[in-house]
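The block underneath contains the structure these notes are about, expressed in structure tokens.
Derivation of every value follows stated rules applied to the coordinates shown; laboratory data play no part. Treat the numbers as computed from the prediction; the structure is a model and nothing was measured. Reconstructed Cβ throughout: ideal geometry from the backbone, glycine too, with neighbour counts over all protein chains shown.
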């Protein structure tokens with residue numbers, strides 16, 4: 001809401017359940033530290049560093065963080081958003097995301113905003129939705145999109161300043177599994193070599209075939225020049 005200036009209708013009280021979706025996210029690296037040594041070659045990827053330097057025409061680039069999203073069929077009511085940016089002395093370690101997003105949206109702090117680039121890759125072979133919509137010319141202009149299916153396809157972008165969103169994907173009647181809760185888990189399906197399943201309190205509430213699984217890997221890099 002801080003990013004999109006959306007307001008809450010009068011008389012409506014927000015609850016966490018209103019934001020519940022079958023998206024599962026995790027952190028692979030943060031603050032320049034890879035949390036899983038077996039993927040350090042991915043986090044400290046030389047082509048990614050080169051792409052980030054080229055994006056900003058910068059002298060130096062540093063791998064800062066890496067995360068992933070995995071989902072099966074899912075709706076997406078996101079009108080578009082900005083990722084949490086960072087400024088000199090103010091970042092996600094000492095300030096809330098809503099404050100950082102409001103500062104970025106205002107345009108008043110651009111001189112102190114860190115030069116950041118994201119390398120984002122998708123893996124999705126589904127036939128319904130699942131693309132990426134983005135507004136490279138600003139939210140008042142027409143958007144562009146990368147359509148699915150996509151496999152190891154990606155972009156280099158500054159998502160802190162470019163509005164973007166994932167598209168809904170998968171069969172409509174499967175986009176909100178019955179029994180989904182904030183403590184639900186996503187795991188490999190032991191009965192299907194390449195399948196996934198969602199469980200709530202140990203009960204399987206949805207089996208996801210590999211064809212309907214959508215995976216995103218998001219690497220963030222910081223850039224600077226002498």
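Structure above, values below:
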read-out	value
Whole-angstrom Cα spans of the stretch 74-166 along principal axes, big to small	44, 27, 22
From the C-alpha gyration tensor of the stretch 60-125, square roots of 5λ in Å	26, 17, 11
Cα centroid of the stretch 105-121 to Cα centroid of the stretch 191-226, whole Å	27 Å
Full-extension gain in nm, residue 225 to residue 87, via 0.36 nm per residue minus C-alpha separation	48.1 nm
C-alpha long axis of helix 46-56 to longest principal axis of the chain, angle in °	60 degrees
In degrees, nearest ten, helix 97-106 long axis to first principal axis of the chain (Cα)	50 degrees
Fewest-first sequence of 223, 27, 34 by Cβ atoms within 10 Å of each Cβ	27, 34, 223
Simple spin-label estimate for residue 204 and residue 42 in nanometres, 7 Å along Cα-Cβ	2.5 nm
Principal axis dimensions, largest first and in whole angstrom, of the stretch 26-77 by Cα	41, 28, 17
Answer label for Cα extents along the principal axes in Å (calculated), chosen among [x] 54, 50, 34; [y] 68, 45, 40; [z] 49, 44, 38	[x]
Mean Cβ count within 10 Å, highest first, over the residues of peptides 36-46, 202-212	202-212, 36-46
Efficiency of FRET between residue 142 and residue 75 - r from beta-carbon atoms, R0 22 angstrom, step 0.05	0.40
Cα-only Debye scattering, the stretch 19-141: base-10 log of I(q)/I(0) at q = 0.10, 0.16, 0.20, 0.23 Å⁻¹	-0.40, -1.09, -1.54, -1.54
